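Novice: Sending over a structure as structure tokens; questions will come in a sec.
The values are calculated or read from the model by the stated rules, or taken from the named source; none is laboratory data. Model, not experiment: these values are computed from the prediction. Neighbour counts run over all protein chains shown; Cβ positions are idealised from the backbone, glycine included.
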Amino acid sequence: MKKRYKIKKSFTLFTVIILMLIVIGIIYTVAYNLLNISNDTKDMNYNSSESSTLSETQNTTSSNNWNLILVNPWNRLPNNFKIELTLLSNGHSIDKRAYSNLQKMMDDCRNQGLSPVICSSYRTTEKQQSLYNQEVRGYISQGNDKKTAEAKAAMWVAIPGTSEHQTGLAVDIVAKSYQTLDKKQENTAEQKWLMKNSYKYGFILRFPSDKSELTGINYEPWHYRYVGEKAAKEIYEKKICLEEYLKSLNNNNNKNSDSITNNKLILVNSDHPLSKNYTVDLVNIDNKKGVTVQVAKEINESLIDLMKEAENSNIKLCINAAYRSYEQQQKLFDERVNKYVNEGLSTTLAKAQTIKWVALPGESEHETGLAIDFGVLGDTTWEQGYSWLEKNAFKFGFIYRYPKDKINITKISNEPWHYRYVGIDAAKEMKEKKICLEEYLK
């Protein structure tokens with residue numbers, strides 16, 4: 001019995017010691033955190049990797065320009081986007097590289113006797129999806145059909161994969177005395193101070209009242225985005241938005257030639273608009289539907305050979321679209337806008353929706369005369385026509401310009417009918433390496 005009692009007594013003492021160590025550990029941890037929490041953050045860094053289930057557009061901003069990553073309805077986060085976050089004391093998070101600037105801005109604002117509150121910051125894809133779905137349901141309850149509800153919701157809550165909050169560089173800041181997210185927020189002393197001073201800390205008011213058509217988001221006098229002090233200063237002084245700032249950078253760094261000569265590899269998109277003086281030598285060609293269209297003289301013979309070879313393979317192709325002038329592109333854009341307006345959308349919302357499908361004048365490949373939208377005739381099905389083109393177009397110098405697996409790079413939705421002339425050598429290399437024009441030029 002004594003032996004058993006000693007064993008039991010030893011076991012009890014051991015248990016007590018373990019419990020005491022656990023209690024001491026908990027007390028130490030709590031005390032440590034309380035001593036190290038600042039007004040806005042506690043230094044807790046962790047990695048987050050976002051992988052959106054939507055078709056995403058890769059933002060090509062280099063790691064050196066991480067602060068200028070563009071995320072909007074037309075520029076989605078890349079699939080492998082990663083971020084190292086700093087956890088704020090109120091449970092919110094921000095990219096650790098922007099943390100010190102945010103902390104200083106908040107402290108300086110408070111030193112003016114103001115009370116700014118961060119009500120939203122980094123969001124996961126799941127959180128963003130939940131907020132978007134909630135907004136859609138709200139518009140449906142107001143009597144909108146699903147399509148209209150989704151379009152209206154996207155102007156207030158970004159579709160997952162297109163939200164700046166997923167970058168960790170955006171924060172929604174409100175006044176403690178008025179925390180409603182509406183236009184009245186701009187009248188608070190906190191917002192007036194932030195709008196006037198945030199650029200000094202590298203932050204910009206991301207969605208100004210007069211830039212909705214460019215940003216794709218309605219006015220949000222509470223949403224601030226970190227872009228770095230240099231960029232923020234220029235954006236503030238010039239009264240422009242991030243889209244305009246990045247476009248000006250691209251215009252300065254990528255001057256497109258005014259002539260098509262030796263320029264079949266010209267890159268044209270929203271980041272690389274055509275020069276206003278761009279000219280092209282055009283020729284007329286039958287589109288196989290009894291209508292004459294125009295193409296760049298440089299591609300005429302190759303295009304004719306391609307269509308003849310297709311016909312020899314019992315594939316009947318036609319041309320649905322070829323060269324468009326700046327004015328024609330503008331007309332096409334305006335027609336789509338009017339269509340959305342007639343469906344009940346506001347002009348601002350209609351333009352934001354249109355940009356997703358129709359390029360702005362100066363940003364369309366069709367204005368180069370090098371792009372063709374193919375169609376099919378007779379008993380040839382779309383599947384047969386597209387399949388033949390994908391397998392054979394490169395032999396004639398044409399590439400499948402906007403493939404489904406390159407949406408994250410081209411920033412254009414999959415268009416199996418759109419082919420672009422780049423020359424036989426370039427087309428062959430792109431075909432063999434399974435790369436798009438952006439990757440080839442890079």
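Novice: Being touching a residue at least 40 places away in the same chain (Cβ under 8 Å), part of a helix (DSSP H, G or I) and not β-branched (Val, Ile, Thr), is that true of even one residue in segment 170-190? Working first, answer last.
Specialist: Residues of segment 170-190 touching a residue at least 40 places away in the same chain (Cβ under 8 Å): 170-177, 179, 181, 189-190.
Next, from what is left, pick out any that are part of a helix (DSSP H, G or I): 189-190.
With the extra rule that they be not β-branched (Val, Ile, Thr), the set shrinks to 189-190.
Yes, segment 170-190 contains a residue that is touching a residue at least 40 places away in the same chain (Cβ under 8 Å), part of a helix (DSSP H, G or I) and not β-branched (Val, Ile, Thr).
Novice: So CYS109 clears everything in (1) of a type outside the set (D, E, K, R); (2) closer than 22 Å to PRO221 by Cβ; (3) surrounded by fewer than 17 Cβ atoms within 10 Å (Cβ to Cβ) except one condition, right? Which one?
Specialist: Of (1) of a type outside the set (D, E, K, R); (2) closer than 22 Å to PRO221 by Cβ; (3) surrounded by fewer than 17 Cβ atoms within 10 Å (Cβ to Cβ), only one is false for CYS109: (3).
Novice: With (1) at pLDDT 90 or above; (2) within 30 Å of LYS406 (Cβ to Cβ); (3) among the small types (Gly, Ala, Ser) as the list, and GLY113 as the residue in question, which single condition is left unmet?
Specialist: (2)
Novice: Which of (1) in a helix (DSSP H, G or I); (2) more than 18 Å from the chain's Cα centre (by Cα) does GLU213 not meet, given it meets every other one?
Specialist: Tallying (1) in a helix (DSSP H, G or I); (2) more than 18 Å from the chain's Cα centre (by Cα), GLU213 fails exactly one: (2).
Novice: Considering only segment 311-344, how many residues are without any contact (Cβ under 8 Å) to a residue 24 or more places away in the chain, in contact with a Ser or Thr (Cβ under 6 Å, 6 or more places away or on another chain) and not hydrophobic (A, V, I, L, M, F, W, C)?
Specialist: Looking only at that region, the number is 1.
Novice: With respect to ILE83, is the statement that it is part of a strand (DSSP E or B), at pLDDT below 95 and surrounded by 19 or more Cβ atoms within 10 Å (Cβ to Cβ) true? Please lay out each step first, then the result.
Specialist: Details: part of a strand (DSSP E or B): yes; at pLDDT below 95: yes; surrounded by 19 or more Cβ atoms within 10 Å (Cβ to Cβ): yes.
Against the criterion (part of a strand (DSSP E or B), at pLDDT below 95 and surrounded by 19 or more Cβ atoms within 10 Å (Cβ to Cβ)), ILE83 qualifies.
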